[in-house]
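Comments concern the structure below.
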Amino acid sequence: MPASSLHWFRDDLRLADNPALMAAVGHGPTLCLYILDEGGSRRPLGGASRWWLSHSLAALAAAIGARGGELIFMRGDPAAILPRVVEATGADLITWSRRYDGEAVALDSRIKAELTGAGAKVASFNAALLNEPWQVTTKTGDPMKVFTPYWRAARARGEPAPPVPAPTRIEPLKCPAAVAAMAVSHAELALEPTRPDWAGGLREAWAPGEEAAAERLGEFLSGSLDGYGEGRDRPDRVSTSRLSPHLRFGEIGSRQIWHATRSATESGEAAASASDSEKFLSEIGWREFSYHLLFHNPDLATRNFNPRFDAFPWHPDKAALKAWQRGLTGYPIVDAGLRQLWTTGWMHNRVRMIAASFLIKHLLIDWRQGEDWFWDTLVDADPASNAASWQWVAGSGADASPYYRIFNPVTQGLKFDPKGGYVRRWVPEIAGLDDGLIHEPWKADAEALRRAGITLGESYPRPLVDLDVGRRRALDALAATRSA
Ligand SMILES: Cc1cc2nc3c(=O)[nH]c(=O)nc-3n(C[C@H](O)[C@H](O)[C@H](O)COP(=O)(O)OP(=O)(O)OC[C@H]3O[C@@H](n4cnc5c(N)ncnc54)[C@H](O)[C@@H]3O)c2cc1C
């Protein structure tokens, strides 16, 4: 039988810098396959991620088609589907890009053992990370727990490999009837919301796909990278790359970002200073560190990294959780963030920290409830970065922000959204307030409220909790945990 291959796409929805795809295409005619795996042991994707995935798959299918190949869609359990497809096609090389969450690692090993046992060769590659999670260790070979030494050790491993180019042609492997019968159309994946169609804001804000990801990187390198070190904290400006959903779905890889950033800075093509560029790359480093933590702690999204927090006296409160989710806490910067998230599927990093801190500390709601909401609503909802970041804010994580560091939403708002542009954009009902009051509308007198057309408690809520009371309660809860 002539050599043929199957590339199983997962979180590597791109053609460039995809060594697993290159290996498959170089081996012989290739079946390109995506399996929508729902209902198994894996955490179901959230609604915003499903929307993104739908568009990303459509873009990938078009790119593969333009190179002569075809992307086949199936739905179901990959452990049941893949052996059947491999048997029916006779593909003797199966390739994929590695995943790092515990359930995926277990599933992939199981499938690999079965396919290898049946005589096929399985080859997996790294498409997602600069370093594999097991390649960076302490001097004694243990996993790292603190970011700074992690990043130092990662950097000491040298430059990441240069990205491999996209295949110019993908020779399709002819699908036998048995395989064609298992395929579904893109529409049948039914990833997008219909009743109601709530994705209008997402459509307006984003263009998923590999081509759009490359454009976004180019725009960022020639634009906001200059001044990124300071600008990255300003939600009122477009000052970060917004590459996170593209990275999440592997439409672009960190090796590509790394080399493009270095070369744009060194060649002078980007006006940015070396320190802006280093700061940006260190944020990519936080993503790497999150994957390192997830790989070594598979239940990072559900279990306190620091078990002392298992005794933490959380204060479940459905009404308060709902007010937070809807952006109705009465704290403008928190509300602006939650509404930006609901409308666009994305929230600025500084505001993610403020909103998460408010939920965990001022409302004493378990960080897992916030993690879950972000999982459902973020287009970049990521098994590693979301879990690690929530635990970081909670103080329960590795190298976490100390629990007693409680963000004050008013001072944070005044510092990072000084003119209130961000709040006015997302909380229009208080837009008429002066800059001095926009972050604390409850301090406005009757005349200022009247002028701005606001009735507190009606057109905009009063604060859900008093900041000092909330802060005191959080510190008492921590003290109780410590003594327990
Ligand atoms: C509570 C909370 C939850 C979060 N959940 C997610 C999530 O589900 N998915 C996600 O990708 N990021 C998450 N982050 C991290 C960060 O907020 C986003 O990566 C960032 O806002 C994405 O915007 P950007 O692409 O413009 O970032 P840039 O500032 O341009 O950074 C470039 C890239 O670096 C990575 N990055 C930046 N900051 C971090 C960070 N703190 N941790 C890990 N990676 C980082 C991202 O991949 C990002 O795209 C979370 C942060 C917090 C505080």
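Here are some notes:
- Cβ separations smaller than 7 Å between residues 6+ apart or across chains give no pair from segment 349-362 residues that are outside the structural domain of Ala394 (by TED's automatic domain parsing) and modelled with pLDDT under 95 to residues that are more than 9 Å from the ligand (Cβ to nearest atom) and in a helix (DSSP H, G or I).
- Residues in segment 238-269 that are without any contact (Cβ under 8 Å) to a residue 40 or more places away in the chain and within 12 Å of the ligand (Cβ to nearest atom) were compared, and the one that is surrounded by the fewest Cβ atoms within 10 Å (Cβ to Cβ) is Val238.
- Cβ pairs under 6 Å, 6+ apart, first in segment 473-484 and farther than 12 Å from Tyr403 by Cβ, second surrounded by 12 or more Cβ atoms within 10 Å (Cβ to Cβ) and small (Gly, Ala, Ser): Ala484/Ala311
- Filtered residues of segment 364-390 (kept if farther than 18 Å from Asn304 by Cα and either within 7 Å of the ligand (Cβ to nearest atom) or buried (at least 24 other Cβ atoms within 10 Å of the Cβ) (or both)): Leu378, Val379, Asp380, Ala381
- Evaluation of His439 against the conditions (1) within 15 Å of the ligand (Cβ to nearest atom); (2) on the phi < 0 side of the Ramachandran plot; (3) not hydroxyl-bearing (Ser, Thr, Tyr) shows that the sole unmet condition is (1).
- Options Glu188, Glu159; residue that is surrounded by fewer than 16 Cβ atoms within 10 Å (Cβ to Cβ) and in a helix (DSSP H, G or I): Glu188
- Pairing each residue of segment 374-401 that is assigned by TED's automatic domain parsing to the domain that holds Phe147 with any residue that is more than 6 Å from the ligand (Cβ to nearest atom) and of a type in the set (Ser, Thr, Tyr), provided the two are 6+ apart or on different chains, yields no C-beta distance under 7 Å.
- Scanning segment 191-226 for residues that are assigned to a loop (DSSP other than H, G, I, E, B) and within 25 Å of Arg425 (Cβ to Cβ) turns up Pro193, Pro196, Asp197, Trp198, Ala199, Trp206, Ala207, Pro208, Gly223, Ser224, Leu225, Asp226.
- Count of segment 395-423 residues, restricted to those that are at pLDDT 95 or above and within 25 Å of Gly470 (Cβ to Cβ), is 15.
- Scanning segment 80-139 for residues that are in contact with a Ser or Thr (Cβ under 9 Å, 6 or more places away or on another chain), free of Cβ contacts under 8 Å to residues at least 60 places away in the same chain and buried (at least 19 other Cβ atoms within 10 Å of the Cβ) yields Arg98, Asp108, Val122.
The values are calculated or read from the model by the stated rules, or taken from the named source; none is laboratory data. Fair warning: this is a prediction, and the values are worked out from it, not measured in the lab. Quick reminder, even Gly has a Cβ in these numbers, built from the backbone with ideal geometry, and neighbours come from all protein chains shown.
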